[in-house]
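Chemist: Shown below is the structure under consideration.
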Amino acid sequence: MLAGPYTTMILADLGAEVVKIEQPKKGDITRNLLKDDPKYSLDGVGAYHLTLARNKKSFELDLKSDSGKELFLKLVNAADVVVDNFSQGVTKRLGIDHEQLAKENPKIITCSISGFGDTEINRPAYDNLIQGYGGAMSITGIDKENPVKSGIPIADLGAGLYAVIGILSALRSRDTHGVGEHVDISMLDTQVSLLTYMATMHFLSGEDPEPIGNQHMNHVPFNSYQTKDGFIQIGVVAEDFWPNLVKALNLNELDTDENKERKGRLKNRESIDKTIQSIFLTNKTEFWLSLLQENRVPCGPINSLSETFQDQDLLKRNMIVEVLQENGAPVKMPGNPVKISNHSEEFNRSPNLGEHTKSILRDWLNFDEENIKNLEDKEII
């Protein structure tokens with residue numbers, strides 16, 4: 001439900017013309033999310049749709065009718081890529097899977113994003129379920145008795161990013177070989193891929209890693225600590241950061257030969273963390289950040305969203321953008337993190353349902369007004 005819209009949002013932000021095929025009069029299911037929540041909507045449009053449908057066009061079409069499918073195939077002939085976020089097997093039942101679309105347009109690239117990929121598994125798959133299936137929750141949190149899912153929908157977002165990579169790779173391959181390909185993205189696959197070295201550690205040791213909160217399994221001190229007015233993080237990864245920290249915080253009692261080496265600090269993690277925590281409680285976050293940065297100790301605050309969105313570096317990089325809505329009101333949302341030298345950024349509001357149906361029929365398929373009215377009368381669009 002999120003992976004597909006996120007995939008196409010990224011492509012749209014990068015300049016692709018993205019058209020949402022939506023059910024007539026009802027629209028995409030994401031249009032209804034948060035639309036009735038006064039805190040998280042504007043004029044009946046929820047934050048979900050405001051963000052993920054930006055820079056896109058909306059085309060109403062009944063894919064379940066023969067006439068609607070026929071019109072869809074004409075659109076496919078004019079397209080480069082078709083992305084779907086259906087459950088496994090839906091495109092085949094509708095007759096719009098890659099095999100069928102390639103008969104109409106051999107150069108078409110299709111991308112299907114589902115919970116478990118093109119397999120016989122056919123069951124609902126949402127972000128939290130995939131985080132559980134993929135092992136991520138078992139290594140997140142404070143202890144193994146209390147598994148925790150990520151604060152952001154990492155399974156959905158990861159699948160979306162991998163889908164973009166797959167689509168761009170297929171486009172590049174088409175430039176070389178002249179034919180389209182099918183990109184099959186499984187949310188579970190992408191979640192397992194994101195485990196990276198954690199998975200390899202398991203295979204080498206035969207042991208299941210356990211969650212360790214904000215600590216690091218190999219580095220000490222590497223943790224979050226409470227200050228007088230918030231929280232701070234430090235990460236002593238390189239060996240030369242330890243003496244810098246000792247100097248900055250006057251950790252003379254911890255400045256032992258044993259603690260000069262990583263193995264010693266791992267052994268003494270509890271006492272080191274306890275001492276550092278007691279020190280950080282004596283002053284405010286800003287004071288400690290300034291002191292640690294002066295002494296070249298890797299550190300950072302644990303910001304709230306409101307604090308994050310005031311970060312001057314983010315603002316300079318246009319990572320908080322204002323998108324003007326139909327009523328003229330600006331809505332702030334995250335920008336595009338992919339900065340390309342010759343690419344100018346543009347952010348347009350999310351479309352009304354079917355807003356671009358007629359213009360796409362005219363521009364893509366050269367339909368005249370009589371053809372368009374005929375489709376409307378038959379409730380195909």
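Every read-out reported here was derived from the displayed coordinates using simple, explicitly stated rules and does not represent laboratory data. This structure is a prediction, so every number in the text was calculated from the model and none was measured. In this analysis, Cβ positions are derived from the backbone assuming ideal geometry, glycine residues included, and neighbour counts consider all displayed protein chains.
Chemist: Scan the chain and report its longest stretch carrying no GluC sites (Glu not before Pro) that are both in a DSSP loop and have at most 13 other Cβ atoms within 10 Å.
Modeler: Values: sites that count: E120, E145, E207, E239, E261, E326, E346, E379.
Looking at the chain, 1-119 is the longest stretch - no exposed GluC sites (Glu not before Pro) with at most 13 other Cβ atoms within 10 Å.
Chemist: Please state the charge dipole magnitude for the chain, taken about the Cα centre, from unit charges on C-beta atoms (+1 on K and R, -1 on D and E), reported in debye and rounded to the nearest 20.
Modeler: Working: 41 positive and 56 negative charges, 62 e Å.
With only Lys, Arg, Asp and Glu charged at Cβ, the dipole is about 300 debye.
Chemist: State to the nearest 20 debye the size of the charge dipole of the stretch 84-183 about its Cα centre, where the only charges are +1 on K and R beta carbons and -1 on D and E beta carbons. The partial results should precede the final answer.
Modeler: Working: 9 positive and 12 negative charges, 28 e Å.
Once rounded to the nearest 20, the dipole reads 140 debye.
Chemist: Going toward the positive end of the dipole of the stretch 222-302, with +1 on Lys and Arg Cβ and -1 on Asp and Glu Cβ, which of G264, V237, S224 do you reach last?
Modeler: Of the candidates, S224 comes out farthest on the positive side.
Chemist: For a Förster distance of 51 Å, can you work out the FRET efficiency between the beta-carbons of L305 and E379, rounded to the nearest 0.05?
Modeler: Numbers: r = 43 Å, r/R0 = 0.85.
The calculated FRET efficiency here is 0.75.
Chemist: Sticking with this one: Compute the length gained on full extension between S193 and S224: take 0.36 nm times their separation in residues and subtract their Cα-Cα distance, giving the result in nm to one decimal. Numbers along the way, then the final one.
Modeler: Values: separation 31, 0.36 × 31 = 11.16 nm, distance 2.67 nm.
Roughly 8.5 nm would be gained on extension.
Chemist: May I pose another question? Under 1.5 on a/c is rounded, so check that first for the stretch 222-302, then, if it is not, pick prolate when a/b is larger than b/c and oblate when it is not; a ≥ b ≥ c are the square roots of the alpha carbon gyration tensor eigenvalues. Each step should come with its number before you reach the end.
Modeler: Numbers: a/c = 1.81, a/b = 1.52, b/c = 1.19.
Judged from the Cα gyration tensor, the stretch 222-302 comes out prolate (a/c at least 1.5, a/b above b/c).
Chemist: Then there's this: For the stretch 222-302, what is the charge dipole size about the Cα centre, in debye to the nearest 20, if Lys and Arg each add +1 at the Cβ and Asp and Glu each add -1 at the Cβ? The partial results should precede the final answer.
Modeler: Values: 11 positive and 12 negative charges, 30 e Å.
Here the size comes out at about 140 debye.
Chemist: For I302, I276, I167, what ranking results if the residue with the fewest other Cβ atoms within 10 Å of its Cβ goes first?
Modeler: Working: I302 16, I276 20, I167 24.
Lowest to highest Cβ neighbour count: I302, I276, I167.
Chemist: I would also like to ask the following. Report the one residue of I21, I130, V81 whose Cα lies farthest in the direction of the positive end of the charge dipole of the stretch 13-157 (charges on C-beta: Lys and Arg +1, Asp and Glu -1; origin at the Cα centre).
Modeler: Value computed over the given set: I21.
Chemist: Quickly estimate the mean residue ellipticity at 222 nm for the chain, helices only: each DSSP H run with n ≥ 4 gives -39500 (n - 2.57), and the total goes over all residues, rounded to 500.
Modeler: Taking each H run of at least 4 residues, the total per residue is -11000 deg cm²/dmol.
Chemist: Could you point to the label whose value was computed as semi-axes √(5λ) of the Cα gyration tensor in Å for the structure here, given (1) 30, 25, 23; (2) 49, 25, 18; (3) 37, 29, 20?
Modeler: (2)
Chemist: Under 20 Å Cα-Cα from K64, which aspartates and glutamates qualify once same-chain neighbours fewer than 8 residues away are excluded?
Modeler: Correct list for K64: E22, D28, D84, D97, E99, E104, E376, D377, E379.
Chemist: Please return the longest range in the chain lying between exposed loop sites, taking trypsin sites (Lys or Arg not before Pro), DSSP loop only, at most 15 other beta-carbon atoms within 10 Å, and leaving the sites out.
Modeler: Working: sites that count: K25, K26, K39, K64, K107, K144, K228, K284, R296, R317, K339, K378.
Result, exposed sites excluded: 145-227.
Chemist: Put +1 on the Cβ of each Lys and Arg and -1 on the Cβ of each Asp and Glu in the stretch 293-373; which of Q312, Q293, L365 then has its Cα farthest toward the positive end of the dipole?
Modeler: Going by the charge dipole, the pick is Q293.
Chemist: Looking at the chain only, what percent of DSSP beta bridges run antiparallel? Nearest 5 please.
Modeler: Values: 15 of 29 bridges.
The antiparallel fraction comes to roughly 50 percent.
Chemist: What's the exposure ranking of D257, D80, D229, going from fewest to most Cβ atoms within 10 Å? The partial results should precede the final answer.
Modeler: Values: D257 7, D80 16, D229 10.
Least crowded to most crowded, the residues run D257, D229, D80.
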